[in-house]
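No lab work stands behind these numbers, since they all come straight from the coordinates. All values reported here derive from a predicted model rather than from experimental measurement. Cβ atoms come from the backbone with ideal geometry, glycine included; neighbour counts cover every protein chain shown.
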Amino acid sequence: MITYQRFVLDNGLKLIVHEDNSTPMAVVNVLYDVGARDENPEQTGFAHLFEHLMFGGSVNIPDYDTPLQVAGGENNAYTTNDLTNYYCQVPVQNLETAFWLESDRMLSLAFSEKSLGVQRKVVCEEFKEHYINKPYGDLWHKMRELAFSVHPYRWMTIGKELKHVEDAKIEDVKQFFKKHYCPANAILVVAGPMPAAEVKALADKWFGPIESGAKYNRQLPVEPVQKEAHRLEIKANVPVDAFVKTWHMAGRLDDGYYIADLLTEILGGGGSSRLFQTLVKEQQLFSGIDCYHYGSVDPGLFTIEGKLVQGVDMAKAEAAVMEQIDIIRKELVSSQELQKVKNKTESVMAFEDMGISSRASSLAFYELLGDANLMNTELEKYYAVTEEEIRQYSNDLFAETNSNTIWYLSK
């Protein structure tokens, strides 16, 4: 059981305090309720660009990293299609330094042509390195465009195209910051060996004076039910053929999400999974194969992805994958197999919660979903899933009309 206390500051900032006296370190985690799905379709990549800009210094603190390092701290951040998360860890006696740094860049991030130019160049190089020049780098750009017609999951966090980041102007950046990076749109989680009352006092001192801003009212287009299968064939200079097939799955708070999550383990969770045992070890069609999803808040994509053994026919490989899918749709998973993946899910969740930084990040995410206590109760949703529910959900999930397939072929 992860214990915590929850507060809401007068300016709308949500504060969660998790007291843990087993460590001398404290974590300050700031989650902003903004991700790539909240971008203008003609100006994508801004949420990720901001992840970089937020380390470029504020009006009062030109260099973010140096004071944190002097205080014995470290920091990092990540952006997804759904959120942006910043976190730093310091010795508890220097906790106020972290409050000072995080609150000041929320209050008065420094905007300059120089900073924008530097970070824009960094992001553009990242785009080129990982998504243009890397083998298979454009695969997920293509898959998202294939699978989504209206929802902004249609583009990746890095952006839909390089030009959007290259053309980012200082005024566009300022407007994006004002709209999303404010107390009303943020969740602050503090974890470590300090009483909640002290943390609340620090939050009031450093974050309390910041103007609330307007809570972002998200009104995204809903992706319509897919009525026909989508297929795409790509030929490129890559080492081996790759196969990727996705299906639209339930959103993060739907019961179907937990069924789909267990299904990824049954089909592709390691060396004992069905796909690996059958298609890699026995039939030797794939050199490796994975089954996963991204845990997206809105309905996302259930994915099977693998690299083929040299010389294997792509149609034969896909037919073998679909044979395993048909078995899942027709036959009940055994109670032993289901219990095994439930136990594995529990151990993964428990392992993730061991680190104080992970706990802080998880509390922030569950609060974003609407209830921080889901961190303590969500496992029950996994254990409630039955063999029959998996078979029924599989029949809907794996309908061919719900699928998107890419054959990525070596020239």
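Some values worked out for this structure:
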| quantity | calculated |
| --- | --- |
| Region 152-189: trypsin sites (Lys or Arg not before Pro) falling in loop per DSSP and having at most 12 other Cβ within 10 Å | Lys169 |
| Gained length - Glu228 relative to Phe7, 0.36 nm times residue gap less alpha-carbon distance | 74.8 nm |
| Between 0 and 90°, nearest 10: helix 374-383 axis offset from the chain longest Cα axis | 10 |
| Asp326-Lys235 FRET efficiency (beta carbon distance; Förster radius 22 Å; 0.05 resolution) | 0.15 |
| Linear extension gain, Leu369 paired with Lys121, 0.36 nm per residue minus alpha-carbon span | 85.9 nm |
| Value of [θ]222 nm, deg cm²/dmol, for the chain, DSSP H segments ≥ 4, -39500 (n - 2.57) each, nearest 500 | -12000 deg cm²/dmol |
| Cβ-derived FRET efficiency at R0 56 Å, Thr386 paired with Ser108, nearest 0.05 | 0.55 |
| Residue list for region 363-380, given a label point 7 angstrom along the Cα-to-Cβ vector of Glu346 and an amide N cut-off under 19 Å | 374-380 |
| Counting all C-alpha pairs of region 230-410, share separated by more than 28 Å (%) | 29 |
| Residues Thr66, Thr246 arranged by fewest to most Cβ contacts within 10 Å | Thr66, Thr246 |
| Cα Rg, Dmax (largest Cα-Cα span) when computed across the chain, Å | 22.8, 65 |
| Rounded FRET efficiency, nearest 0.05, which uses the C-beta distance separating Asn133 from Gln277 and R0 of 25 Å | 0.10 |
| Two-site label geometry, Asp353 and Leu220: point separation in nm, points 7 Å out along Cα→Cβ | 2.7 |
| Descending semi-axes in whole angstrom, ellipsoid equivalent of region 27-143, from the Cα gyration tensor | 28, 15, 14 |
| Mean Cα-pair separation over length for region 58-201, i.e. relative contact order, pairs under 8 Å, 6 or more apart, % | 22 |
| Where labels lie 7 Å past Cα in the beta-carbon direction, separation of Asp255 and Lys178 in nm | 4.6 |
| The chain: relative contact order in percent, alpha carbon pairs under 8 Å with at least 6 residues between | 22 |
| Filter on Lys14/Lys174; Lys134/Lys163; Lys245/Lys281; Lys121/Lys235; Lys344/Lys381; Lys134/Lys340 - keep pairs with C-alpha separation over 25 Å | Lys121/Lys235; Lys134/Lys340 |
| Centroid-to-centroid separation of region 310-384 and region 129-207 [C-alpha atoms, Å] | 25 |
| Region 297-411, relative contact order in percent, only Cα pairs under 8 angstrom and at least six apart counted | 34 |
| Alpha-carbon radius of gyration plus Dmax, which is the widest Cα pair, for region 191-315 in Å | 22.5, 65 |
| Largest-first ellipsoid semi-axes for region 5-206, taking √(5λ) over the Cα gyration tensor eigenvalues, angstrom | 32, 18, 16 |
| Inter-site label distance for Asn40 and Tyr294 at 7 Å from Cα along Cβ, in nm | 2.2 |
